[in-house]
Each structure stands twice: as C-alpha cells, then as structure tokens.
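Enquirer: This is the structure I have questions about; it appears just below.
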Amino acid sequence: MKYFKAWLGIVLFTFLFLYTVFNISLWPGLKAVLYPRVSLPQMLGQHLILVAISSFAAVLAGVPLGIFVTRKSGSGFKGIAGDLGALSQTIPPVAVLALAVPLVGFGFKPTVLALFLYSILPILRNTIAGLEEVSPTVKEAARGMGMTQSEILLKVELPLALPVLFAGIRMSVVVNVGTATIGAVVGAGGLGNPIISGIVWNNQAFILEGAVTTAVLAVLLDQIIGRIEQSVLPGNRLLS
C-alpha cells in the first residue's frame, strides 16, 4: 500500500500519454476521440488554476478560523463554525453555482466560490482536531518555560498539529480536483469540458479523456502534498 498511489499515478499517466499522443482509442468507430475545441494542456492549466485558487483561499480561511475557535476568546463560536462548515458541504456545488451566477456572472468566479465553500470543511475540522489533540501538559510545560500564548501557538501547538492539518489539506485538494469539473457547466473551462461534451454528444472517448486526466491529477497532487508534508515533518512517516 505504501507505493500504491504512486504506481497508480504512473499507470494512469502512461495510459493518458499513449491515448493522447498515439491516438489509441477504445472506440475506433468514433471519428473524434480527443476534445477538439481546447487542447488538453490548456484544460489542465485551467483546472489547476481553479483548484489552486479555491484551495488556497480555503486554507487562508479555514486555518485561522480553526485557530480562533480553539482559543478561549473564540470558543463560543466553535459550534457555529462547525455548523457553517458542515452546511457548506451539504449544499451541492451545482446549487452554489446556480445561486452565484446571477450575482457574479458566468465563468471563473462562481466556480471558485463553489469550490471554496465545498473544500473549507476538511481544513477547518482538521485544524480544530489537530490543535485540540495537543496535550494540555505540553502546553503547561511551555507556559512554565515563560512562553507567551502566541509563542505556544506558533512553536508548540501548530507544529504538533501539522500532521492532522496536512491531512485535511490533502483531502480538500483531492476532493476539489474532482469537484472542479462542474466549472465547465458555467464556462469556467477545465477538465469538465470533455466530460460534459461527452455526455451531450454520447462520446465515451471525450468522457474518458476528462475523467482519466482528472484522476491522474488528483493522485499526483496528493503525492506532491504528501512529499511537502514529509519535508516539513521529517519524522513523519506516511503510509502513502
């Protein structure tokens, strides 16, 4: 299991390369086996931008909010923050798009908004869980050493909570990669374009092009974030 995701990414990437470069098709009767309007690298770039911006915004919002509600001054808002985070995931992203389009228009903005709302819960929840798992004894020892509350947070609590926090970020990004395909519905581009076109035109090759590339991207990003976590936490041993 240790190298399963890495090998899965290699297999999917190899298949996608052969499929794209050598035009190998599971449906030789189809005249068009690759989405013709936008090239695969362009769609991949659009998809990465959607995922990167929405995930970065979710981290910027979820981590500080998680820190705030675990402090004494913000403990009263912990339940509200959890409820709002859970509510954001109960609303389907398509519904968020439908509500956001009249306000911000078609394309990039409503898609990023939907992805942001959908991806903030894992980050918020894991930030809270990671900070709450820090032993009170450890914090009391740091306080006895003369550390201030800010120093305890930055030098003790956050470093100890990083493994759980990174797990939330990884989950959020991987979910975002798959969910971002809905952006094609409102003209945001990305890897949802061939999937939507394949459904409309009953072209399984288009669907495969978008789905396989999305799967490869999710696996690779998960591995990249895992490597970043290993570099930040050299003592941490991941099973992936």
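Read the figures in this text as sums done on the coordinates, not as results from a lab. For clarity, every value in this text was computed on a predicted model and none was experimentally measured. When we count neighbours, we look across all protein chains shown, and the Cβ atoms used for this are built from the backbone with ideal geometry, even at glycine.
Enquirer: Starting from segment 107-204, pick out the chymotrypsin sites (Phe, Trp or Tyr not before Pro) whose DSSP state is loop and whose Cβ has at most 15 other Cβ atoms within 10 Å.
Expert: Taking segment 107-204 and a limit of 15 other Cβ atoms within 10 Å, the loop chymotrypsin sites (Phe, Trp or Tyr not before Pro) found are Trp201.
Enquirer: With the crude spin-label approximation of a point 7 Å out along Cα→Cβ, what separation in nm comes out for Ile224 versus Leu84?
Expert: 3.0
Enquirer: Tell me which trypsin sites (Lys or Arg not before Pro) from segment 38-129 have a DSSP coil assignment and no more than 13 other beta carbons within 10 Å of their own. Working shown, then result.
Expert: On the way: sites: Arg71, Lys72, Lys78, Arg125; in loops: Arg71.
Hits after loop and neighbour filter: Arg71.
Enquirer: Work out the FRET efficiency for Ile199 and Gln149 from their Cβ-Cβ distance, taking R0 = 45 Å, and round it to the nearest 0.05.
Expert: So the FRET efficiency works out to roughly 0.25.
Enquirer: Among the aspartates and glutamates, which fall within straight-line cross-link reach of Lys155, defined as a Cα-Cα distance under 14 Å, with same-chain neighbours fewer than 8 residues apart omitted?
Expert: Of all the aspartates and glutamates, those that pass the test against Lys155 - Cα under 14 Å, at least 8 places apart if same chain - are Glu140.
Enquirer: Could you pull out the GluC sites (Glu not before Pro) across segment 107-172 that fall in loop regions by DSSP (anything but H, G, I, E, B) with no more than 13 other Cβ atoms inside 10 Å?
Expert: Glu133
Enquirer: Say R0 is 25 Å: what FRET efficiency, to the nearest 0.05, do Ile49 and Leu233 get from their beta-carbon distance?
Expert: The calculated FRET efficiency here is 0.35.
Enquirer: What percent of all Cα-Cα pairs in segment 145-240 falls in each 10 Å bin, counting up from 0?
Expert: 15, 32, 22, 17, 10, 4, 1
Enquirer: Sticking with this one: Using a 10 Å cut-off around each Cβ, can you sort Leu50, Leu191 from fewest to most neighbouring Cβ atoms? Before the final figure, lay out the partial values.
Expert: Working: Leu50 26, Leu191 29.
So the residues, fewest neighbours to most, are Leu50, Leu191.
Enquirer: In nm, to one decimal, how far is the Ala98 label point from the Ala141 one, both placed 7 Å along Cα→Cβ?
Expert: 5.5
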